[in-house]
Amino acid sequence: MSMDVIAILESHLTGEALRVVVTHGRAVAGLALAAARGLALPEAELGFIAEAAMLHDIGVCRVELAGLGLHAGQPYIMHGILGREILEGEGLPRHALVCERHIGVGLTLDDIVKQGLPLPLRDMTPQCLSEEIICFADLFFSKDPARLEQMKPVEQVRVKLAAFGADKVRIFDAWMARFGAALGSG
């Protein structure tokens, strides 16, 4: 990583929240990099993936998450768009898009409307390979302080996604076909 992502995270998070976001980010980055290397992506793209995976949850600093000592008032579902705002402010527009597009397998306009989510009415699905890889890797790791580095089993991820529709599972299954080999090396 060429930029100091830890310094960026430290400028927005402290204490347990910082520890959780950094540990979670490292786990996600490890799996994402394994997937990216499996696809023989260029070094520059690997650097971006490492940075963006570390920063993808920076928006939690503006949400209500009492378990991590966060009391900024916004609902957790908004951490993606809040992270986008933060990273755009840091001059990192490409990293910012990863924040916005990493929720689940991505949120469509239809998802936002049907679920009545308090989000802007726009497509928030991964739009490029690097975004898909980070989104995929994030599905396997919780921000539960007791399980930060524990990778979820594939079937657990599928079951959680199935609650949001068969289309979400189809996206995940397609990602498994493309990136799943990384699970053995992540």
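The values are calculated or read from the model by the stated rules, or taken from the named source; none is laboratory data. Not measured: the values here are computed from a predicted model. Virtual Cβ from ideal backbone geometry, glycine too; neighbours counted across all protein chains shown.
When the range 128-159 is limited to residues that are without any contact (Cβ under 8 Å) to a residue 12 or more places away in the chain and in a helix (DSSP H, G or I), the one that is nearest to Lys114 (Cα to Cα) turns out to be Val159.
Mind listing just one residue for me: the one in the range 67-85 that is out of contact with any helix residue (DSSP H, G or I) (no Cβ under 6 Å at 6 or more places or on another chain) and not β-branched (Val, Ile, Thr) and, of those, surrounded by the most Cβ atoms within 10 Å (Cβ to Cβ)?
Restricting attention to the range 67-85, the residues satisfying the condition of being out of contact with any helix residue (DSSP H, G or I) (no Cβ under 6 Å at 6 or more places or on another chain) are 67, 71, 73, 75-78, 85.
Applying the additional criterion that residues be not β-branched (Val, Ile, Thr) yields 67, 71, 73, 75-76, 78, 85.
Values: Gly67: 11, His71: 9, Gly73: 9, Pro75: 12, Tyr76: 14, Met78: 22, Glu85: 16.
Selected residue: Met78.
Going through Ile103, Ile86 one at a time, which residue ends up being closer than 23 Å to Ile6 by Cβ and modelled with pLDDT of 95 or more?
Values: Ile103 fails: closer than 23 Å to Ile6 by Cβ.
One residue alone meets the criteria, Ile86.
Reported count of residues in the range 72-83, each being within 20 Å of Ile6 (Cβ to Cβ) and touching a strand residue (DSSP E or B) at 6+ places or on another chain (Cβ under 8 Å), is 2.
It is to be established whether one or more residues within the range 51-61 are hydrophobic (A, V, I, L, M, F, W, C), at pLDDT 95 or above, in contact with a helix residue (DSSP H, G or I) (Cβ under 8 Å, 6 or more places away or on another chain) and more than 18 Å from Arg101 (Cα to Cα). No, the conditions are met nowhere in the range 51-61. For the range 127-141, a residue qualifies if it is surrounded by fewer than 21 Cβ atoms within 10 Å (Cβ to Cβ) and over 12 Å from Phe172 (Cα atoms), and the qualifying residues are Gln127, Cys128, Leu129. Filter the range 142-179 down to the residues that are over 24 Å from Asp111 (Cβ atoms), modelled with pLDDT under 95 and either surrounded by 15 or more Cβ atoms within 10 Å (Cβ to Cβ) or hydroxyl-bearing (Ser, Thr, Tyr) (or both) and list them by number. Across the range 142-179, the qualifying residue is only Leu148.
Is it the case that Leu9 is in a helix (DSSP H, G or I), free of Cβ contacts under 8 Å to residues at least 40 places away in the same chain and surrounded by 13 or more Cβ atoms within 10 Å (Cβ to Cβ)? When the stated conditions are applied, Leu9 does not pass them. Quick one: is Leu97 in contact (Cβ under 8 Å) with a residue 60 or more places away in the chain and closer than 18 Å to Ala29 by Cα? Considered against the rule, which asks whether it is in contact (Cβ under 8 Å) with a residue 60 or more places away in the chain and closer than 18 Å to Ala29 by Cα, Leu97 comes out as no.
Hey, does the range 100-123 have a residue that's more than 20 Å from Gly25 (Cβ to Cβ), of a type in the set (A, V, I, L, M, F, W, C) and surrounded by fewer than 12 Cβ atoms within 10 Å (Cβ to Cβ)? Yes, some residue in the range 100-123 is more than 20 Å from Gly25 (Cβ to Cβ), of a type in the set (A, V, I, L, M, F, W, C) and surrounded by fewer than 12 Cβ atoms within 10 Å (Cβ to Cβ). Within the range 160-186, being touching a Gly at 6+ places or on another chain (Cβ under 9 Å) and outside any helix (DSSP H, G or I) holds for Phe164, Ser185, Gly186.
For the condition free of Cβ contacts under 8 Å to residues at least 12 places away in the same chain and either within 12 Å of the chain's Cα centre (by Cα) or surrounded by fewer than 22 Cβ atoms within 10 Å (Cβ to Cβ) (or both), what is the one hit in Glu45, Glu64, Glu88, Glu16? Quick ask: steps written out before the conclusion?
Values: Glu45 fails: free of Cβ contacts under 8 Å to residues at least 12 places away in the same chain; Glu64 fails: free of Cβ contacts under 8 Å to residues at least 12 places away in the same chain; Glu16 fails: free of Cβ contacts under 8 Å to residues at least 12 places away in the same chain.
Only one candidate qualifies: Glu88.
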